[in-house]
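The values are calculated or read from the model by the stated rules, or taken from the named source; none is laboratory data. In this text, all values refer to a predicted model and were calculated from it rather than measured experimentally. Virtual Cβ from ideal backbone geometry, glycine too; neighbours counted across all protein chains shown. Calculation scope for accessible area: heavy atoms of the full protein, side chains included, ligands and nucleic acids excluded. Shrake-Rupley method; radii C 1.70, N 1.55, O 1.52, S 1.80 Å.
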Amino acid sequence: SIIGDANTGTGNLYITGSNFIHLGSADFGETYAKFNDDGAVELYHNNNKKLETTSTGATVTGGLTANVTGSGTEVLRLGTERPWAFLQRSTGASSSLAFRSTVDAKTFDIENEDGGIVARFISDNSDGKVALYYGGSQKFITTSTGSQIDGDLTLTSTDGGSTENPTLDLYRNSASPANNDTLGHIKFNGENSAGEKIAYAEIQTSI
């Protein structure tokens, strides 16, 4: 059986109901979809509700699969005021998933249940960076020259053997090593009474 609009030009087909419209099996034993007046639209699979629209968006019960192909294809967009998007990178066995800001200078935070920042990813075309927090205070951040730790750094090893552990490896992987090259360098800095940063001592090695 077919319900159709005989006007194949500009005509429209309207199905209306004063309360809600129910689409289901012939014996009313299984629901396909419900359309509630001034309320939700509900879609079902095997008589189980899988999607429901709400006043603020929609709720999906179960997994959501997006099938895309091609490198750079947008899989999902989070439509905030300054959107983020998931994209497929590369194809085949080398494919990966990228999480990209669609505008410059955007911050993505990972928060705990109380709203405290655990990690922050700053998307900036000039100096994107990553920061890690503890108790709301920044403890680690990447910089243009490497990284910075705010606070103490502790290296702990539980090795019960006889080998050296823990190990702090300062490795200068030079493509053209030569005599008198300075290698690992540790500086002990502090401020003087004028608030200036001063190197009071240092340890360095050379070839």
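Tabulated data for the structure shown
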item: Boolean, Arg77 is over 30 Å from Leu170 (Cβ atoms), in contact with a Pro (Cβ under 7 Å, 6 or more places away or on another chain) and at pLDDT below 90; result: yes
item: Residue match in region 7-19 (condition: free of Cβ contacts under 8 Å to residues at least 12 places away in the same chain, over 30 Å from Thr91 (Cβ atoms) and surrounded by 10 or more Cβ atoms within 10 Å (Cβ to Cβ)); result: no
item: Sole residue being open to solvent by less than 70 Å² (accessible area, probe 1.4 Å), closer than 29 Å to Gln88 by Cα and of a type outside the set (Lys, Arg), chosen from Glu42, Glu52, Glu30; result: Glu52
item: Strands (runs of 3 or more DSSP E) enclosed by region 30-71 - at least 3 residues per element that are in contact (Cβ under 8 Å) with a residue 12 or more places away in the chain and closer than 30 Å to Leu97 by Cβ; result: 48-53
item: Selection status of Phe86, among the aromatic types (Phe, Trp, Tyr) and assigned to a strand (DSSP E or B); result: yes
item: Residue in region 153-161 that is open to solvent by less than 60 Å² (accessible area, probe 1.4 Å), more than 30 Å from Ala119 (Cα to Cα), touching a strand residue (DSSP E or B) at 6+ places or on another chain (Cβ under 7 Å) and at pLDDT 90 or above present; result: no
item: Filtered residues of region 165-194 (kept if within 23 Å of Ile207 (Cα to Cα), open to solvent by 100 Å² or more (accessible area, probe 1.4 Å) and not hydroxyl-bearing (Ser, Thr, Tyr)); result: Leu168, Asp169, Arg172, Asn173, Ala175, Asn179, Asn180, Lys187, Phe188
item: Residue ID - surrounded by the most Cβ atoms within 10 Å (Cβ to Cβ), chosen from residues in region 96-109 that are polar (S, T, N, Q) and in contact (Cβ under 8 Å) with a residue 12 or more places away in the chain; result: Ser101
